[in-house]
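Peer 1: I'd like to ask you about the structure that follows.
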Amino acid sequence: MNTPNYLPQVKEQYEHLPYPPCEPKDEHNRLIRTWLDSLPMINHYCFQGKEGFKNRFRILVAGGGTGDATIFLSEQLKDTNAEIVHLDLSSSSIALAKERAAIRKLTNIHWVQQSILDIPQLELGQFDYINCIGVLHHLVDPDAGMNALLSVLKPQGGIGLMVYGQIGRTAIYQMQSLLQLANQGCNEADKLLHAKEILAALPALNWYKLAGDDYGDDQSDAAIYDSLLHSQDRAYTVPQLYEWLADGHGLTIALSDVNRGRFPYLPEMTLGREAHKVRHLLKERSERDRYAMSELLIGDLTRHIMYLTHRADAKAPYGDPEYIPFFVHDPFCGRALGELFVQKGDEPTVLHHQELGAMLVAYPGKYSSKIFTHIDGQRTFQEIFELVRAEPECRNAPPDNEQLFADFRQPFDALNSIERILLRHLSCR
Ligand SMILES: C[S@@+](CC[C@H](N)C(=O)[O-])C[C@H]1O[C@@H](n2cnc3c(N)ncnc32)[C@H](O)[C@@H]1O
């Protein structure tokens, strides 16, 4: 018999404790929306906003577990001829995912119980989008996993990837070391028992305890095992990510933290405004150095979540009048934002996003308020700009497209950094 190319303990863990834990019957009441897998986001970041998802779009969910991403993608694409392949090592996880799909009457999913590392031999064909969340860091050689994924990615396709973040998981690794010492020679049930006991009895200044809610409130056996007792887990800093993916594979990285977008990676946003001198220096630092600084500053990036593409120009471009700006993730409306982003001499508009704990600072231009007012998720920039130029105050000296794009740049960048405004091409109207 051939030696398997995965750790038997890893397979065993996910057979006994499928992840994420789920109750298939919950599909009757709610749809879990996984952050990276919303089609407007995939389109904006991987397909220049030009993908209509109507032409036999093929998706691989690699290490799909109990099916959160698969179900969400499949639901969004159920009225198209798209195909989704859900691949995982664990038969019990696949069984739960299948049950969820059956409740939703989803028929566009193909199920494969195999290892990611065997993908090149499985003749699955090529994919437009590959989701791989929380899997590669559990392989002995994560790069072998990445190579397997890249072997079936279409040249113009994109990957949605999540791997652990080292800085944010500092206290988790301390707890893992502690539990390894406590659990030598113990079986799975005892390991869990000891972990729960220690968690309930942590001293006040233990780093894990200090981090409090940052590690989530899921105290299920599967969650505790996954984070504190895993037999194979590694994490990455931002510089390591760039060395691996950008330098090593020539991939373009677009980081997008759940609900926060790029914001936690931007030191100009995570650093207090009083740090004037350092803020000034930031302009001279490369993107990866600024992201690395912010990772160290903000401290809570337990996961790095991102889109990867071969193309450097996969993101929908700002500055093309054929694109439609639209609001996502928050119920923003153009008219209300228009009232907020009014030019006020030297004063910026400051938007406090309470839920994110983010403070967005932008200098709106003379026309930004009017531009916002005309954004309805259907109009292109060209159509919006025509409406702005038709307004009485603009008729005498109508601004051209270039002026209007420059005018709107800062408000756009601020809202785009938290992924509340995205773009799609008019061909996808
Ligand atoms: C932490 S779970 C993540 C599940 C899912 N991606 C999610 O985010 O909800 C990791 C999954 O990867 C699967 N896995 C681990 N190693 C694998 C391998 N070599 N090939 C295929 N799946 C693997 C496990 O069975 C498990 O279902």
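The values are calculated or read from the model by the stated rules, or taken from the named source; none is laboratory data. Here the structure is a predicted model, which means the values were calculated and not measured. Reconstructed Cβ throughout: ideal geometry from the backbone, glycine too, with neighbour counts over all protein chains shown.
Peer 1: Against the conditions (1) out of contact with any strand residue (DSSP E or B) (no Cβ under 9 Å at 6 or more places or on another chain); (2) within 25 Å of Asp300 (Cα to Cα), where does Gly160 fall short? Just the number, please.
Peer 2: All conditions pass for Gly160, except number (1).
Peer 1: Right, another one. Checking His137 against (1) in contact with a Lys or Arg (Cβ under 6 Å, 6 or more places away or on another chain); (2) modelled with pLDDT under 95: exactly one of these is not met. Which one?
Peer 2: Answer for His137: the failing condition is (2).
Peer 1: Looking at Arg56, Arg30, which one is among the charged types (D, E, K, R), farther than 19 Å from Asp218 by Cβ and either at pLDDT 95 or above or within 11 Å of the ligand (Cβ to nearest atom) (or both)?
Peer 2: Checking each option against the conditions leaves just Arg56.
Peer 1: Just one of the numbered conditions (1) over 26 Å from Cys46 (Cα atoms); (2) in a helix (DSSP H, G or I) is not true of Glu268; which one?
Peer 2: Glu268 satisfies all of (1) over 26 Å from Cys46 (Cα atoms); (2) in a helix (DSSP H, G or I) except (1).
Peer 1: As an exercise: evaluate Ile167 against (1) among the β-branched types (Val, Ile, Thr); (2) more than 16 Å from the ligand (Cβ to nearest atom); (3) assigned to a helix (DSSP H, G or I) and give the number of the one condition it does not meet.
Peer 2: Among (1) among the β-branched types (Val, Ile, Thr); (2) more than 16 Å from the ligand (Cβ to nearest atom); (3) assigned to a helix (DSSP H, G or I), the lone unmet condition for Ile167 is (3).
Peer 1: Just name the residue that is farthest from Phe341 (Cα to Cα) out of those in region 374-405 that are exposed (fewer than 14 other Cβ atoms within 10 Å of the Cβ) and among the aliphatic types (A, V, I, L, M).
Peer 2: Among those that are exposed (fewer than 14 other Cβ atoms within 10 Å of the Cβ) and among the aliphatic types (A, V, I, L, M), it is Ala397.
Peer 1: Something else about it: Here is a check on your reading of the model: is Leu228 in contact (Cβ under 8 Å) with a residue 60 or more places away in the chain and surrounded by 19 or more Cβ atoms within 10 Å (Cβ to Cβ)?
Peer 2: Here the answer is no, as Leu228 does not meet what is asked.
Peer 1: Collect the residues in region 303-333 that are modelled with pLDDT under 95 and over 23 Å from Tyr129 (Cα atoms), keeping them in residue-number order.
Peer 2: Correct list: Asp330, Pro331, Phe332, Cys333.
Peer 1: Please go through (1) near the ligand (Cβ under 9 Å from one of its atoms); (2) modelled with pLDDT of 95 or more; (3) surrounded by fewer than 21 Cβ atoms within 10 Å (Cβ to Cβ); (4) not in a helix (DSSP H, G or I) for Asp118 and return the number of the only condition it doesn't satisfy.
Peer 2: (4)
Peer 1: Looking at region 135-159, I want the residues that are under 17 Å from Leu89 (Cβ atoms) and in the same structural domain as Gly67 (by TED's automatic domain parsing) and have a partner that is more than 13 Å from the ligand (Cβ to nearest atom) and of a type in the set (Asp, Glu) with Cβ atoms under 8 Å, at least 6 apart or on another chain. Which pairs are those?
Peer 2: none
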